[in-house]
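The values are calculated or read from the model by the stated rules, or taken from the named source; none is laboratory data. Fair warning: this is a prediction, and the values are worked out from it, not measured in the lab. Reconstructed Cβ throughout: ideal geometry from the backbone, glycine too, with neighbour counts over all protein chains shown. Remember, those area values only see protein heavy atoms, side chains included, never the ligands or the DNA or RNA. Shrake-Rupley method; radii C 1.70, N 1.55, O 1.52, S 1.80 Å.
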Amino acid sequence: MYLTKEKKTEIFTTYGKGATDTGSSESQIALFTYRIKCLTEHMKQNRKDHSTERALTGLVGKRRALLNYVKKQDIERYRAIVKALGLRK
């Protein structure tokens with residue numbers, strides 16, 4: 001299993017306000033980014049896995065929607081999370 005409880009807690013403490021802050025936009029974006037990276041590695045090895053490809057596309061869309069929301073609310077938070085995660089946008 002690629003996403004353990006400890007890894008989730010680490011992501012939430014790093015990008016959220018604490019270990020129990022699972023609902024903030026920054027922590028959700030960071031979690032989606034981690035899952036996208038893992039699924040991308042899986043897709044490199046399994047090119048014909050169409051169900052994973054569909055799930056990956058859905059995750060990218062969810063992350064993009066959250067990023068657009070944060071950008072609309074507070075541009076500085078948006079810039080900080082994009083820089084911290086190393087996203088291209």
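Values computed for the structure shown
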quantity	calculated
Angle between the chain longest axis and helix 50-73 axis [Cα atoms, degrees, rounded to 10]	10 degrees
Loop-located chymotrypsin sites (Phe, Trp or Tyr not before Pro) in the range 1-50 whose Cβ has at most 11 other Cβ within 10 Å (DSSP)	2
Listed candidates (i) 96; (ii) 256; (iii) 178 - label of the one calculated as volume of the Cα convex hull per residue in Å³	(i)
Selection of trypsin sites (Lys or Arg not before Pro), the range 37-74, meeting DSSP coil and at most 15 other Cβ within 10 Å	47, 48
Accessible-area composition of the chain, carbon plus sulfur, in percent [1.4 Å probe]	52 percent
C-alpha long axis of helix 5-15 to longest principal axis of the chain, angle in °	40 degrees
0 to 90° range, to nearest 10: angle between helix 25-45 axis and the chain longest Cα axis	20 degrees
Accessible area per residue, Å², the range 1-78 with all protein chains present, probe 1.4 Å	68 Å²
GNM result for the chain, Cα springs below 10 Å: residue of 29, 75, 11 fluctuating most strongly	75
Estimated dipole of the range 1-81 in Debye, rounded to 20 [Cβ of Lys and Arg +1, of Asp and Glu -1, Cα centre]	280 debye
